[in-house]
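Input: a single structure, listed below in C-alpha cells.
Here, each number is a calculation from the coordinates, and none is a lab measurement. Remember, it's a predicted structure, so these values are computed and weren't measured experimentally. Here the Cβ is made from the backbone with ideal geometry for all residues, glycine too, and neighbour counts use every protein chain on show.
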Amino acid sequence: MNLGPHYFAAVTEQIFKIGSIEPGAMLFEASKEFQKRNQKADEYIRIIKEKLETAVNQCIQAAGHEIEPSKQRMLLRASSFGKCFLTDYRPEPFVNMCQMLRVLNQVRHHSVGIPLTYTQLEHLSMPVLIDRLVMRKLFGMAVRICQYLKVPDAEGRSRILAHWACFKVQQKNEDEDKLARAISQKLMDVPGVSFSEIASQALEYGRKQLAVKLLDYEARASEQVPLLLKMGQDQTALTKAIDSGDTDLVYTVLLHLRDKKSNSGDFFMMIRTMPIACSLYIQYCRQQNLKLVEDLYYQEDNSLEEGNCKILRSYTMDQTEEQVRLMRIQRRLEDDSGRSYSDLSLQATLHQLILEGNATWVEKLRKDFKVPDKRFWILKINALAYGEDWIELEKFSRSKKPPVGIDTFINGCMKYGNRMEAMKYLSRVSPDQKVRCLVKVGLFKEAAEAAVEMKNEDDFSYVLSRLGSADRQVAEQVRAMRGQLGARR
Amino acid sequence: MAGSGAAHLHLGKLNLSILRDFYRREFLECIDKCTGTKALVWDDGLTGPFGLIAEASMLKEQHEVERMFRLEASGLPSSNVQNIIFITRPRLHLMDIIAQCLLNEEMKGGFVRKEFYLVFVPRKSLLCEKKLKEQGVYGSFASVEEFNLGLIPFDSDLLSMEVEEAYRECYLENDFTSMFFAAQSLMTLQALYGTIPYIYGKGDCAKQVVDMMRRMKMEMGGVEPQITPQIDNLLIIDRTVDLLTPLLSQLTYEGLIDEVFNITNTSVKLPPEKFVTAEDKKNSKEESISEPKKFILNSADELYAELRDKNFNAVGVIVSRKAKTITAEYDERHSAKTVGEMKQFVSKLPHLQAVRTSLGIHTSIAELIKDYTDSDEFLDSLRCQQELINGIDTDKVNPYIEDCIARQESLTKVLRLLCIQSMCNDGLKPKILEYYKREIIQTYGFEHLVTLSNLEKSGFLRPHSARTYQVVRKTMRLIVEDINEQTPTDIAYVYSGYAPLSVRLAQTLARPGWRSITEVLNLLPGPKVEEVQQIPMGLRKRSMRNLDFISFLQKAV
C-alpha cells in the first residue's frame, strides 16, 4: 500500500494545485473566505456560478482521497457551503461520502489498523470490509458499522452476532452455563439468528451440553429437532416436535426412535405419556402393521389407563353379549332352515322371519331382545306389505290394542304400491288423521271435503300443498273449495 | 394473469383474486419446471379444488399439458408425452397406487423416455416418501415437490380448505395436522393481505392455531409482510364450540341445495330430467340424458348471488319478480322505434339472455328442492328439530326419532336428530342413551356400535352434564320468534327461528365485544384467545371492518 505523496488523485490536484482555477478550487477558496467572514466568498461563488455543481462534486471526491480528518472536514465544509446555492442538488453523494469517511477513519485508527484508501474501499465493497472485521474478531465494530449504515439485520447485525456466537462457543475455558446465558442474552431479541447453526458449531467442538442449551433457543422446530436427535436428546426432540404441530416432524422423531430402540417396549413406554405422539403412531401402524397396534394396546393395558379401558369395555359389554346371543340364534336358524341369516341385524332377521311366516321364532326373538311394541308393529306391517301378504296384514290390523295408528297400515300399503289395499283401511282412520290419509292414497277431493267439513284450515292448506301430483281437474275443484271454507266460518 | 372465470372473486370487500392468482402462479411454476409435453395424473380428491385455480383448457393451451388422468390402481393409459406429473395428497394408500403405476410404466418400456415428477399437495410427507422408497420407486422421480394449497377462494366472501375429515382427525384420532395446515394458510393469507392486527378465537383448536401462527411468525425471523393490513380482525372458532348448528337442517337456498344434492367445490350434480331442453331431446339419444348434470354455483351468477342466502321460502317471490322484470325488458323491443333505441336494446341482449338462462336453471332447481321440502319426511323432521332446540321434552325418548328408527330411515338422519337432542339437553340420561343405542344396534346392525362410540368420543353424544344449552340459548338469543323470512332483520332467518351460535359470537364480538358475555364464554368448551399483532406505524390505517371466519366443520359419522 503506497500512500506516498506522488500519487495524488486528479481531483485533489485540481483543487490544491497552486493557481488552479478549477471550480472545485474556487469553491474551496470561497469556503475559506466565508469562514473568515470575508466578502470575497461571494465574489468567488459568482465566478463559478455556472459550474457550481461540478465544484461541489469535486470537493466531495477530493475529501474521499484525504487521509487527514481535518482536511476531509475542510473539503466537506466547502462542498456543503456550495450546496447552499444549488436549488435541486441531490444530497446522496455528500451523505454517502460522509458515511464512508467515517467508516474509513474508524478502520484506519491504530487500534484497528486497516489503512484503506477510498478507492480501495470502492473496489473491495463494504460487505467485504465488514467480513474482514469479523475475521479479525472486531465484532462490536462490525455491528456498529452495520447499524450506522442501516444494513438490513439479516446481512448485518444478525449475521455478525451469529459469527460472534460461533467464535464464543470455541472458547473452551469459559463456563458453559455462563456462555449459554451470554449468547442467549445477546441474541434473544435479534431476529433471524439461527441458534441451530451455533449449536452445531458447539457440537463440532465437542461441547454437547452447551449445544443442547443453545438449541433450546432455536425458533424453527424443523432445524431444532433433527439436531436434537443427532445429539441423542430424544425426549426433548419429541416434545419440541409435538409443540410445533408439524406432524411430519413428529414422525421423523418417532421413526428415528423406533429404529434406535431395540426393545419395542422401551419405545412404547417413552411415547405413552404423550397422547399426540401415541395416536399418530397408532394411526401410522394401522396403515402399516396391525401387530404393532396390538403391542401398543397391550402395553397400554399395563398402565394406569387400565381402569378407564375396563369401564369402557363393560359399557359396551351388554351390547356385545346381545350380539353374541343373536349370532347364536342365527346359526341355529340356519341349521334348522338352511337359509342364511349371517350379518343381519336383529331388525333384518325379524323381517326375514316374518316373511317366512316363522311366527314362533319371531315371537321368541321379540321377547328375548325386548323389542319395543311400537317398533315391532311398524316392522311387521312393513314386512307383510313388502311380502304382499295382504290377508295377514289385515288380520294383524285387527289385533288388540295396536300401539300405532291405522295410518301406519296405509303407509305400509302405499310404500309397496297397493292403493286398493290401502283404501280398505280408510274407514278405520281416526278423525284427526283422516285428511292426511286421504291425501296419501290420492283422494284429494275427498280430503278437501273432509277438511271443509271439519273446518280445519291447516288440513285444507295441507291438501293444497300436495296438489302437485293431483289430476288437473281435481286440483281446480279443490282450489274452488277454498271459498266454502271461508264462507262457512 | 388475471384469470378468466374468476371475475366474481374481486366483488367482495377483500379482493380474493389476488390469492387465486398467487396459487395459480405458484402451481404453473411448479409444473413448468419440466420442459416438453406433459400428462397430469390427479388424485381424485384434488381435481375439484384445482379446478377453481387453473382451468383445464388453460393448462392445455398454454402449458403443454396434453393429457389428464385419474390416479387409479389400474395404471396409466398409454400416451406419448415426455413428462408425467403425479399430483397427490400425502396419503399412504395413494403411494401404493403411484408405485404400481410407475412399475407398470417401466415394464411397458416404450420408445419415448418418460420423466416422472411428483407433487405433494399441500406438503411433502416423510411417511409417504418412506413408503415410496420401500416400494423402490422413489429414485425414479426426477423431482419431488410440494405445492402449498391452503385456503381456496370459493366466492367473493368465502374461502375453504376442503379438508373434509378435519373434525374426525382432530377429535377422534388426535391428529392435528389439519390445524397446522390451517395456521400455514393463514400465514399465506397474511403474506398477501398484510398482518391481521386482531385475532380472536374460542376453543382448543383455535388456541392451537393461534399458537402455531405465533410460532411461525417467530420462525420467519422478523420478516413481516410490508403491506397495509387489509383484514382487520380474524375470528377463529373451533367447531366444538358450536356443534349444534351443522346438525340442523339448513333452510337457505344454497343450504338446501347442499342438503339434498351435496355441493362440493362450489359445484353440484343434479338429476338431468328437469334441465333437458326440447333441442337436447331431439339431438341426443336416451342414454346421454341419464347422466347427472353439473352446475357451478357462485356469485358470478347474478341471480344466484341474490338467492343463495335467502330463506327458501323467499326464493319463489324473488324468482317470479325477476322473471317479470326480464319479460318487461324483453318487451322493450316493441317500443324501440329509432335506430338508436334499437341499438341500445341489442347491446343489452347478451345480459338479458344470461339472466334468462339462469332463471330457467334456478326455477328448475327450486322445483327440485320444493319436492323435498314439501315431503312429510322433511316437514316432520323439521318439526322435531324445532321442538328439540326449543327444549321441549328433550329429557325423554323422542317418539319421532323412535319412529324413524322403526321405519329404518337413513341412519344419518336418525343420528343427526339424536345428536341434536343430546346437545339441547346437555347430554342424555344414561338410561335414555342406552335405550337409543339398543334400538339403533338392533335395527341397523352391531357394526354401528363403533359409530356410536365415535360419536361419544367426539362429543356429539354424551351423558348428562351441567346445564349450559338453556343458558346459552337465552343469553345469546339463539331462538327468535317472529322472524321475517322475506326481508330478514336477524340472522335467525337462516334456520327459520334459530340463530347459529357461531354467528352470534361474531356479532357480539363486533359489538359490544366479548367482555359482555364472559359467562357464556366460560360455559362453552375450550379457552378464549385474544391476540394483538403489532403493525408497524407506517402500515396502519383507519378503515372499514372486515371479519374473516373459519370454522371447522364436518360430522364424525
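For the reader, a short list of remarks on this structure follows.
- Positive-end extreme of charge dipole, chain A - chosen from A:35, A:347, A:140 (charges on Cβ): A:35
- Rounded to the nearest 0.05, the FRET efficiency derived from the C-beta distance between residue A:67 and residue A:137 at R0 = 35 Å is 0.85.
- Shape call, region A:175-214: gyration tensor on alpha carbons, a/c limit 1.5: oblate
- Anisotropy class of region B:155-256 from Cα gyration tensor, a/c 1.5 cut: oblate
- For the peptide B:403-409, the mean number of other protein chain Cβ atoms found within 10 angstrom of a residue's Cβ is 6.
- Distance from region A:411-432 to region A:344-375 (C-alpha centre basis), Å: 24 Å
- Extension gain, residue B:377 back to residue B:104 (0.36 nm per residue minus Cα-Cα distance, nm): 93.2 nm
- Averaged over the residues of peptide A:242-254, the number of Cβ atoms from other protein chains lying within 10 Å of each residue's Cβ is 5.
- Label-point separation, residue B:191 to residue B:78 (7 Å along Cα→Cβ), nm: 4.3 nm
- Restraint check, A:17/A:49; B:60/B:293; A:230/B:133; A:455/B:310; B:431/B:474, Cα-Cα greater than 26 Å: A:455/B:310; B:431/B:474
- Inter-chain neighbour count for B:172-178: the average number of beta-carbon atoms from partner chains within 10 Å of each residue's beta-carbon is 5.
- Inter-centroid distance (Cα atoms) of region B:90-158 relative to region B:354-418, Å: 42 Å
- Most positive-pole-ward Cα, A:95, A:55, A:326, against dipole of the protein assembly as shown from beta carbon charges: A:55
- Each residue of region B:301-309 was assigned a 3J(HN,Hα) from its phi angle through the Karplus expression (A = 6.51, B = -1.76, C = 1.60, θ = phi - 60°), giving 8, 3, 5, 5, 4, 6, 7, 3, 9 Hz with x at Gly and Pro.
- Angle of helix A:221-230 to the longest C-alpha principal axis of chain A, folded into 0 to 90 degrees and rounded to 10: 90°.
- Net charge over other residues, Cβ less than 13 angstrom from the Cβ of residue A:210 (K, R count +1; D, E count -1): +1
- Net charge of the neighbourhood of residue A:8, taken over other residues with C-beta under 13 Å away and scored Lys/Arg +1, Asp/Glu -1, is 0.
- Cα-based helix-to-principal-axis angle, A:275-288 vs chain A, degrees rounded to 10: 70 degrees
- The phi-based Karplus calculation (6.51 cos²θ - 1.76 cosθ + 1.60; θ = phi - 60°) puts the 3J(HN,Hα) values of region A:163-168 at 4, 4, 5, 4, 5, 4 Hz, whole numbers, x for Gly and Pro.
- Span-like helix ranges in chain B, DSSP H, alpha carbon extent 30 angstrom or more, Kyte mean at least -0.5: B:312-335, B:339-374
- Partners for residue B:124 among aspartates and glutamates (Cα-Cα distance below 12 Å; same-chain residues under 8 apart left out): A:246, A:248, B:145, B:146
- Computed from the C-beta positions of residue B:431 and residue B:390, the FRET efficiency with R₀ = 25 Å rounds to 0.60.
- On the basis of the beta-carbon distance and an R0 of 45 Å, residue B:302 and residue B:66 show a calculated FRET efficiency of 0.80.
- Reachable lysines from residue A:186, criterion Cα separation under 25 angstrom, eight or more residues apart if same chain: A:137, A:150, A:168, A:172, A:178, A:208, A:213, A:240, B:217
- Assigned charges on the beta-carbon of Lys, Arg, Asp, Glu; region A:116-201 dipole about Cα centre (debye): 220 debye
- Scoring A:271-282, B:148-159 by mean Cβ neighbours within 10 Å over their residues and listing the highest first yields B:148-159, A:271-282.
- Nearest 10 degrees, 0 to 90: helix A:195-204 Cα axis against chain A principal axis: 70 degrees
- Projecting label points 7 angstrom from Cα along Cα→Cβ for residue B:475 and residue A:178 puts them 5.6 nm apart.
- Interchain or long-range residues, amide H under 5 Å from residue B:236's placed H: B:200, B:201, B:202
- Note on chain A: helix-only mean residue ellipticity at 222 nm, from DSSP H runs of 4+ residues weighted -39500 (n - 2.57) and normalised by residue number, equals -22000 deg cm²/dmol.
- Percent antiparallel among DSSP beta bridges (both partners in chain B, rounded to 5): 30 percent
- Length gained on full extension, residue A:49 to residue A:18: 9.0 nm, using 0.36 nm per residue less the C-alpha separation.
- Rough spin-label spacing in nm, given labels placed 7 Å along Cα→Cβ, for residue B:134 and residue B:363: 5.9 nm
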